[in-house]
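Peer 1: This is the structure I want to talk about, given as structure tokens.
The values are calculated or read from the model by the stated rules, or taken from the named source; none is laboratory data. The structure presented is a predicted model; accordingly, all values stated were derived computationally and were not measured. Cβ atoms come from the backbone with ideal geometry, glycine included; neighbour counts cover every protein chain shown.
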Amino acid sequence: MPHTVTLTNARVVTPDGVHDGWLRVADGRVRDLGSGEAPAGPTHDADGGWVVPGLVDTHVHGGAGHAFPEADPEGVREIVAFNRAHGVTSMVGGLVAATPEDTLRQVAALAELCESGELAGVYLEGPFIARSKCGAHDPALLRDPDTAEFDRWLKAGRGHVRMVTVAPELPGATELIRAAVSHGVVAAVGHTEASYEQTRAAFDAGATVATHLYNAMRPLNHRDPGPIAASLEDERVSVELIVDNVHVHPGAAKLVFAAAGAGRVSLVTDAMSATGLGDGEYTLGDLRVRVSGGQARLVDTGAIASSTIVLPQAVRNAVEGLGVDVPDAVRSASSVPAAALGGLDGAGRIEAGGRADLVVLDADLAVSRVMFRGAWV
């Protein structure tokens, strides 16, 4: 049940900056913020720590031994509960390339979990991506963009399809991007061999996200800048970044923050079912994955296959390893990804009247308490 409680002795990260003082929650909402003496009633001492918005992961495929492509409602609930306990209060269910029939089944199943409030939407990373940059997607399941298939997704998703990744160089990509945007679905550029010019054309057609920048895309070259340069320079574009110290070297990650600014960097995990479980063998879609030392790689090719972190770890890595200040790192894991997907009904923001999805971080940026819709998790 929602609490009436005032969080005191807190450093609150809001859209406008950092507020030192207290924050009052009632009936599942943030009622007000202030400084000085706290209002009468129950309190929770944040002990000088950070109170930040519930984090928002817009690119995640699973965790706690389950994966969204399995389309199992109980498994999805366990993924959500695992993430929520770690401070991720909003997430989008990420699917990978599958057959047309399986994709429709998965979208329909996840749409039900959206309607019950477990998920904030459905994300299709495949199948409209480049075979040469397939990463941990089965190349046999990839296909050219098809607006008729996309329309079937929309019907199955009942308004809950939030984002689709497209390789701009594929036949039909521009039409697919325009179709997505016309239906309120975010088009992302990724898993691609696109040139700089092709990527810019995709953004002009309405794409607004770069899928896990650097990974599974044509590399940056001074005479062939490709999608990386096109994404970093375009103020209309949010760039996803996996800061797990595996997918992207810290030096390359620093370049993204310097070039795009924290206001356009969207921290994501791309996490898989192994997250929270440790080393061993798992599956991603139909592909076998081996996790060793926290690194997930395809058994057959050795390619990196998702991550095994939860989003607060990315925040901590950005602060400790990249020198990003805490408020900026927090926003890159909350309000920025939420805004990239259309706001997600006010997720990722602390403001009077807004929903009380809150995370209390201690001095080491470890999660100490999580509140979801006004109730402690």
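Peer 1: Out of segment 209-262, which residues are more than 20 Å from Gly135 (Cα to Cα), assigned to a loop (DSSP other than H, G, I, E, B) and free of Cβ contacts under 8 Å to residues at least 12 places away in the same chain? Explain how you work it out, then say what you get.
Peer 2: First pass over segment 209-262, keeping only residues more than 20 Å from Gly135 (Cα to Cα): 221-225, 229-230, 232-238, 250-251, 254-262.
Add one more test, that the residue is assigned to a loop (DSSP other than H, G, I, E, B), and what stays is 222-223, 225, 234-237, 261.
Passing the criteria: His222, Arg223, Gly261.
Peer 1: A follow-up question, please. Taking the condition of a type in the set (S, T, N, Q), more than 24 Å from Asp20 (Cβ to Cβ) and surrounded by fewer than 20 Cβ atoms within 10 Å (Cβ to Cβ), does Thr283 pass?
Peer 2: Considered against the rule, which asks whether it is of a type in the set (S, T, N, Q), more than 24 Å from Asp20 (Cβ to Cβ) and surrounded by fewer than 20 Cβ atoms within 10 Å (Cβ to Cβ), Thr283 comes out as yes.
Peer 1: Within segment 209-219, track down each residue that is crowded, with 17+ Cβ neighbours inside 10 Å and touching a helix residue (DSSP H, G or I) at 6+ places or on another chain (Cβ under 7 Å).
Peer 2: Answer for segment 209-219, where residues must be crowded, with 17+ Cβ neighbours inside 10 Å and touching a helix residue (DSSP H, G or I) at 6+ places or on another chain (Cβ under 7 Å): Val209, Ala210, Leu213, Tyr214, Ala216, Met217, Arg218.
Peer 1: Can you tell me how many residues within segment 26-63 are hydrophobic (A, V, I, L, M, F, W, C), over 21 Å from Arg162 (Cα atoms) and touching a residue at least 12 places away in the same chain (Cβ under 8 Å)?
Peer 2: 8
Peer 1: OK, next. Kindly evaluate Thr14 against the criterion of being closer than 20 Å to Ala329 by Cα and touching a Phe, Trp or Tyr at 6+ places or on another chain (Cβ under 9 Å). Let's see the steps before the verdict.
Peer 2: On the way: closer than 20 Å to Ala329 by Cα: yes; touching a Phe, Trp or Tyr at 6+ places or on another chain (Cβ under 9 Å): no.
It is false that Thr14 is closer than 20 Å to Ala329 by Cα and touching a Phe, Trp or Tyr at 6+ places or on another chain (Cβ under 9 Å).
Peer 1: Which ranges mark the helices (runs of 4 or more DSSP H) fully within segment 64-176 that have 3 or more residues being crowded, with 21+ Cβ neighbours inside 10 Å, of a type outside the set (A, V, I, L, M) and in contact (Cβ under 8 Å) with a residue 60 or more places away in the chain?
Peer 2: Qualifying helices (runs of 4 or more DSSP H): none found.
Peer 1: Go through segment 82-130 and give me each residue that's within 30 Å of Leu361 (Cα to Cα) and of a type in the set (Phe, Trp, Tyr).
Peer 2: Within segment 82-130, Phe82, Tyr123 qualify.
Peer 1: If you don't mind, another one. What are the residues in segment 180-198 that are part of a helix (DSSP H, G or I) and surrounded by 21 or more Cβ atoms within 10 Å (Cβ to Cβ), if any?
Peer 2: Ala180, Gln198
Peer 1: Taking the conditions exactly as written (at pLDDT 90 or above and over 18 Å from Thr58 (Cα atoms)), does Leu267 satisfy them or not?
Peer 2: no
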